[in-house]
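This report concerns only the one structure given below.
The values are calculated or read from the model by the stated rules, or taken from the named source; none is laboratory data. Quick caveat: nothing in here was measured; it's all calculated off a predicted structure. Neighbour counts run over all protein chains shown; Cβ positions are idealised from the backbone, glycine included. The protein model used for the area step is the full one, side chains on, heavy atoms only, and it has no ligands, DNA or RNA in it. Shrake-Rupley method; radii C 1.70, N 1.55, O 1.52, S 1.80 Å.
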Amino acid sequence: QQDPLGGADGLALASDPGGTLNFLAMVENLQGDSGRGYYLEMLIGTPPQALNILVDTGSSNFAVAGVPDPDVTSYFNAELSSTYKSQGIDVTVKYSQGSWTGVLGTDVITIPKGIYGSYTINIATILESENFFLPGVKWHGILGLAYDALAKPSSSVETFFDSLVRQAKIPNIFSLQMCGAGLPVSGSGTNGGSLVLGGIEPSLYTGDIWYTPIKEEWYYQVEILKLEVGGQNLELDCREYNADKAIVDSGTTLLRLPQKVFSAVVQAIARKSLIQEFSSGFWTGSQLACWDNSERPWSLFPKLSIYLRDENSSRSFRISILPQLYIQPILGIGENLQCYRFGISSSTNALVIGATVMEGFYVIFDRAQRRVGFAVSPCAEVDGSPVSEIEGPFTTADVASNCVSSISFHEPVLWIASYALMSLCGIILLVLIILLLIPPRCQHRYTDNDVVNDESSLVRHRWK
């Protein structure tokens, strides 16, 4: 399972002081927390303007605040950059929460704790937004690291990472560590983290890396085989876990589960926990649970395990998070009480492995080999004890050979289906016109019962 160097290219570049990559220089280049996201400092334009950019593996546009906003402390002023070029193309991006509208352009960027050199990147300047920049966030833009299929306004917009791979000639792989385990979800915003561009840094993980295939290249879509709570299988049909997709998304705060899975997980946690009476508002996110400062409530809750299909499809492995990751402390409530929120929520259209889970692992997005890797992160410790685990391999004999629906209803497929239907309608229309133009002598002599009147004619109503 282990591939600690990310291939020969990663090794050669990492060991070459004159090369573009120095993975150790990228260690601790992120700051943030699971509640408000992890961000990377970037220098944009000429002369350079320093901005903090949210790292998001669940979208594909690189965008920065382009005008003052009450919730951001800095913004990119394109008029002050001699290298900025507007493309004059409007773009709108909607997320599960929040949206923004802006204009596409290009400019040069450098990453102080990243790849050496300057690179020309597509950049959207955000002119209007709704519930995107939030009070207290310390970032000023978003770095979408998913595939170009999700890029707006179309997949022809080259993504940030594709531009880096092409211009810097780095391996098509990046890896991510977020170090906020057991810390307040919206604290000082100075928790560490690392975004390693172009490879894998061995000091950021322990044990082996376990890889699961990327099922489709839009989001980082993976295949989940089953969930366990406290070592007990939920016994759901495995397709329920992938309804209608399962993705790895650093831009989502919580572990989000399809409604049926969420209900089963809540019931199992409530059944396994050592708390007799528990408010339903805690599970739905509308209430916090508070304990005396001297207490550690994590011992009252069970471990949660997610099984992923291995690259060898007859095997699986499981990533497990202890309650220190999903029973999350909230800062500043009461003098003698520490309050916690539930780090899992329901979703209408996906299972999302968000920051709640990712904070337990070093996650490798190996685009070159179309796989996502997980390894135990040494920063995923609370009070000196690890709060995440990876175990395997396990057999998949008890699971369906394919837990992912063969039809993924997302934009590229919908466009293809639309064009196919339009083509079919065009052919039918052409046939009908030809039939109308056939000379009367070749036509069938209708009886009264055969006549198709104008009111029901498909040709007459073809434009409706």
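At-a-glance table
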item: Loop sites in the stretch 57-164: trypsin sites (Lys or Arg not before Pro), DSSP, at most 16 other Cβ within 10 Å; result: K113
item: Percent accessible area from carbon and sulfur atoms, the stretch 136-222, protein chains only, probe 1.4 Å; result: 51
item: Other-chain or far-sequence residues with amide H under 5 Å of H140's (modelled H); result: N52, I53, L54
item: Förster radius 22 Å - calculated FRET efficiency between T206 and L24, Cβ distance, rounded to 0.05; result: 0.85
item: In nm, spacing of pseudo-spin labels at S405 and C290 (7 Å Cα→C-beta vector); result: 4.3
item: Solvent-accessible heavy-atom area per residue, rounded to whole Å², over the stretch 173-430 at 1.4 Å; result: 41
item: Spin-label pair Q369/T46, simplified geometry with 7 Å Cα→Cβ offset, distance in nm; result: 3.9
item: Antiparallel %, DSSP beta bridges [both residues in the stretch 173-430], to 5; result: 90
item: Contour excess over end-to-end distance, with Cα ends at E158 and I275 and 0.36 nm allotted per residue; result: 37.0 nm
item: Additional length obtainable on full extension of the chain from T83 to T106, 0.36 nm per residue less Cα span; result: 7.5 nm
item: Sites matching GluC sites (Glu not before Pro) across the stretch 227-323 that sit in DSSP coil, with at most 16 neighbouring C-beta atoms within 10 Å; result: E235, E277, E295, E311
item: The stretch 351-358 - phi-based ³J(HN,Hα) in whole Hz, Karplus 6.51/-1.76/1.60, Gly and Pro as x; result: 9, 10, 7, x, 4, 3, 8, 4
item: Charge sum, other residues only, whose C-beta stays under 15 Å from L30's C-beta, Lys/Arg counted +1 and Asp/Glu -1; result: -3
item: Probe 1.4 Å, protein heavy atoms only - accessible area per residue of the stretch 15-170 in square angstrom; result: 43
item: Qualifying chymotrypsin sites (Phe, Trp or Tyr not before Pro) for the stretch 64-129 [loop in DSSP, other Cβ within 10 Å: at most 13]; result: Y116
item: Estimated distance in nm for a label pair at E130 and R239, the labels positioned 7 Å out from Cα along Cα-to-Cβ; result: 3.5
item: Neighbourhood charge, 11 Å Cβ-Cβ cut-off, centred on V352 and excluding it, Lys, Arg +1 and Asp, Glu -1; result: +1
item: Relative contact order (%) - criterion: Cα under 8 Å, at least six apart; region: the stretch 15-170; result: 29
item: T395-L437 FRET efficiency (beta carbon distance; Förster radius 60 Å; 0.05 resolution); result: 0.40
